[in-house]
Structure formats: C-alpha cells, structure tokens
Amino acid sequence: MLAMNFRGPFRVRADRNMPEPQIEHPEDAIVKVLRSCICGSDLHLYHGLVPDTRTGTTFGHEFIGEVVEIGSSVQNLKVGDKVMVPFNISCGKCAFCKQELYGNCHESNPMATAVGGIFGYSHTAGGYQGGQAEYARVPYADVGPTVIPDWMDPDDAVLLTDVVPTGYQAAEMAGIQKGDTVVVFGAGPIGIMAAKSAWLFGAGRVIVIDELEYRLDFVAKYAQCEAYNFNSIGDPVVFIKTQTDSLGADVCIDAVGCEAKGNFMNTVMGTKLLLQGGSTTALHWAINSVKKGGIVSIVGVYGPTDALVPIGNVVNKGITIRANQAAVKRHLPKLIEHVKNGILDPKQIITHRVPLEEVADAYHIFSRKLDGCIKTVLIPPTA
C-alpha cells in the first residue's frame, strides 16, 4: 500500500510498497484512511529529536477512516462505519483508563512508565504504525474510535482526533476563572485552539505569543485575541508583567514544546546538542510570567530526557503546573456538540490539502513554515 516512510531526520517519502496492516488481535480493526494530518509534534520526529524513531516508521496520529475489517471480539463497530480515531491508544480497562486518563494507558505501551501508546510516534510511544497511509490498524477498536455523525464534515472530524481536544484540554487544565488573563505561548494549531477554547472557560483576556507574523495574524482573527511577536516586544516576561499591572498573567499555556525559539542557549542545548529534552524557552517564559499562585498548563511535547526548568521559581511563586496528553475520548462528546452548534469550526485552520503521494513536499512546507502553512491534511488516493 501507499504510506509515508521515515528514512531518517528530514527524510520522508511516499512508499507504495509498505505492507498492508493485518488483524493481530481479536480487538483490532483495520480502517481505510480518509484523512490524516501532519501535526506539529510530527515535526519533532521529522527533525530527529525523539528517541527510538526507527526508519520504516509511518507517522500520523491524527486520522479518520472507514472500517474495512474487524477482529472477532469487536462489538461496537461494524464494517462500513466511518470513525474518528483518537491519537491515544487506550485499553479502556486499566487503572488509568478507568480514570479517563486515556493518554496514560498502562497496557498500550507496557515498556514505558509515562505515556501510553500513540499512533506513529516512535517506539517510545509503543512502536505503532501511524495513519499517514492508505490503511491503518487500530488496536482496542471498541474503546477509542468514535463513529462520525452523518452531518459532520470530514475535515472537522479529523481535527477532533488531536488538535481540538488538545487545545481544549490545555484550557481546561489551566483552571481558567471568569475574567482571567490567559497567555498562550505558540500560535501553531494547538495554540490556536487553546486560545479559542480559553474563551469557553470564561477568560477575560487572551494573549498569544509567537514569532511568525502570518500565524499571529491568523490566531488574532480566528480566536479573537491579542497576538504579539516576541521579537518585537523585548523580554516577553517583562512585556506580560507590563500588561498585567506587574502581577503576571493568571494562566500561562505552553503550546510550543521542545523546539521553542527565543533563547540561543536553550535552542543549542535542546535541539542541536540534544543535551536536554528539547528547548525549554516557552516553559521558562510561562513559569516566569505567570502570577504568584497562578497556573501553568503544558501541552507542548518534550523529550523523555532531563530538561532545564526554573523549578525554584515554581516553588517560590507557588505555581501549579498541570500537564498531560489530551484524553481525546473524554472530550469528544462535548466537542462534537460544540462543532454541531457552530461554537467551534475546526476546519478553518486547514490551509493545505495535499495528496498522500506528495507527503515529502508537505513535510518540507510545514517544517519550513512556507506558503502560510497552518495545518496540513493528507488525502490518500483510496479516499
């Protein structure tokens, strides 16, 4: 079948000779992929920053598809169903799934002590093949996949597999109170959705910090927020203090993760020399610009190795830090209603729809931030 094939850092290709997935367990399903996305966190893999990302891996943890085969134990799906597949692979039965911590499933990635299984996200996340392909195997098919409502646009559906739930959970974890000032670091798709979602939790002011003008223009219009280029405001921490009567923001959200720009030392140590789990610049800014007693919400991806974080400031300011992979399954019922009622319109963030055959070009465009790229959807020929 045709699928994306990782050949090493900055090297991916469309490979027509990738093996088709097979049912490996009675709880599996095989889906014909209808849409898949390139996520900002896929770029961490593409750039060689995630350990144990092996050649021959197919990326892609955001996808929807049509069920074409089910295992003998699958009860909730039938052949022909069109489903959203959450990026979390979760068993639904372990201690953490029972708490609806689907991103921390204890069974889908048994060799890890932290993250659960994730489609197409290296062997540190279970070694599962991803959805940037014509077909994909979906384990625990009775747990994660959700049937797409007949009225829903497939472009909206594919964004409900990661981007929207992750942005929404970033705002939820932040414990936003009515009238709060919320600062979001990062104007990529997750940051855009976090800014949009902050209003749903009662924010009184939403500020987004990034360095790319086209993304700042987009988020200002889409999320009706303030947007500032950190290259134009001096020290972002000082800037945020001046915007908040010297107190700091009530809430800060790190929607950037391990490739944050803005500090030379962090960039070199985290993304060039790989001496820490990525560049922690955005996390530093979040910790140092939130008010005393404030909350920092982290959804940006960092590596499993150590990272330099100003933990002393966390303690001395009495900051609460909340972080996790989004529990997509938990959020889907509410988010489907928000889409149905027009409160959220996810597909507006899609700027590029690219045939799967051109996946190498799609990664280059997204990685280099070319052509005003915000979000890329890949469409297989079989779709």
Label-to-label distance, nm, for residues given as residue 23 and residue 316 (7 Å Cα→Cβ offset) = 6.2 nm
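Can you work out D for the stretch 1-152 in µm² s⁻¹ from Stokes-Einstein, where Rh is the Kirkwood radius over C-alpha pairs, the temperature is 10 °C and the viscosity is 1.306 mPa s?
Numbers: Rh = 15.5 Å.
This corresponds to a translational diffusion coefficient of 103 µm²/s.
What whole-number value in cubic angstrom gives the convex hull volume per residue for the C-alpha atoms of the chain?
Details: hull volume 47.8 nm³, N = 383.
Here the figure is 125 Å³ per residue.
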Note down the relative contact order for the chain as a percent, whole number, built from C-alpha pairs under 8 angstrom at least six residues apart.
-> 17 percent
Using a simple charge model, +1 on the beta-carbon of Lys and Arg, -1 on the beta-carbon of Asp and Glu, nothing else, what dipole does the chain show about its Cα centre, in debye to the nearest 20?
-> 640 debye
Could you tell me what percent of the accessible area of the stretch 278-373 is made up of carbon and sulfur, with a 1.4 Å probe and every protein chain present?
-> 50 percent
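Kindly rank 121-131, 103-113, 234-244 from highest to lowest mean number of other beta carbons found within 10 Å of each residue.
Numbers: 121-131: 22.5, 103-113: 18.9, 234-244: 17.0.
In decreasing order of mean packing, 121-131, 103-113, 234-244 become 121-131, 103-113, 234-244.
Given the peptides 316-325, 80-89, 13-22, 221-230, arrange them by the average over their residues of other C-beta atoms within 10 Å, most packed first. Can you show the working numbers first?
On the way: 316-325: 16.0, 80-89: 24.2, 13-22: 14.0, 221-230: 17.7.
Sorting 316-325, 80-89, 13-22, 221-230 by mean packing, highest first, produces 80-89, 221-230, 316-325, 13-22.
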For the chain, share of DSSP beta bridges that run antiparallel, in % to the nearest 5 = 50 percent
Across 289, 246, 297, the residue with the highest GNM fluctuation in the chain (Cα network, 10 Å cutoff) is 246
Treating only the Cβ atoms of Lys and Arg (+1) and Asp and Glu (-1) as charged, compute the dipole magnitude of the stretch 94-180 about its Cα centre; round to the nearest 20 debye.
-> 400 debye
Using alpha-carbon positions, what is the distance between the centroids of the stretch 340-370 and the stretch 252-319, in Å?
-> 27 Å
Cα convex hull volume per residue for the stretch 247-383 (Å³) | 174 Å³
Using only helices, what value at 222 nm comes out for the chain when you add -39,500 (n - 2.57) per DSSP H run of length 4 or more and divide by the total residues, to the nearest 500 deg cm²/dmol?
-> -7000 deg cm²/dmol
Based on the Kirkwood radius over alpha-carbon pairs, what value in µm²/s does the Stokes-Einstein equation return for the translational diffusion coefficient of the stretch 152-252 at 4 °C and 1.567 mPa s?
-> 95 µm²/s
The correct pair for the stretch 130-179, radius of gyration to one decimal and Dmax as a whole number, both in Å and from Cα atoms, is 14.6, 46
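What percent do you get for the relative contact order of the stretch 31-123 when only Cα pairs under 8 Å and 6+ apart count? Intermediate values should be presented prior to the final figure.
Working: 160 pairs, mean separation 26.1, N = 93.
With pairs under 8 Å counted, the relative contact order is 28 percent.
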Note to self: with every protein chain in place and a 1.4 Å probe, the stretch 84-232 gives an accessible area per residue in Å² of 34 Å²
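If each residue of separation counts as 0.36 nm, what is the full-extension length gain between residue 147 and residue 220 once their alpha-carbon separation is subtracted?
On the way: separation 73, 0.36 × 73 = 26.28 nm, distance 3.27 nm.
Gain on stretching residue 147 to residue 220: 23.0 nm.
For the stretch 190-347, what is the percent of antiparallel DSSP beta bridges, rounded to the nearest 5?
Details: 0 of 14 bridges.
Around 0 percent of the beta bridges assigned by DSSP in the stretch 190-347 are antiparallel ones.
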Build a GNM of the chain with springs between Cα atoms under 10 Å: which of 144, 278, 342 gets the top mean-square fluctuation?
-> 342
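The values are calculated or read from the model by the stated rules, or taken from the named source; none is laboratory data. For clarity, every value in this text was computed on a predicted model and none was experimentally measured. Positions of Cβ are generated from backbone atoms using ideal geometry, with glycine treated the same way; all protein chains shown enter the neighbour counts. Ligands, DNA and RNA are stripped out before the accessible areas are found, and what is left, the full protein with its side chains, is counted by its heavy atoms. Shrake-Rupley method; radii C 1.70, N 1.55, O 1.52, S 1.80 Å.
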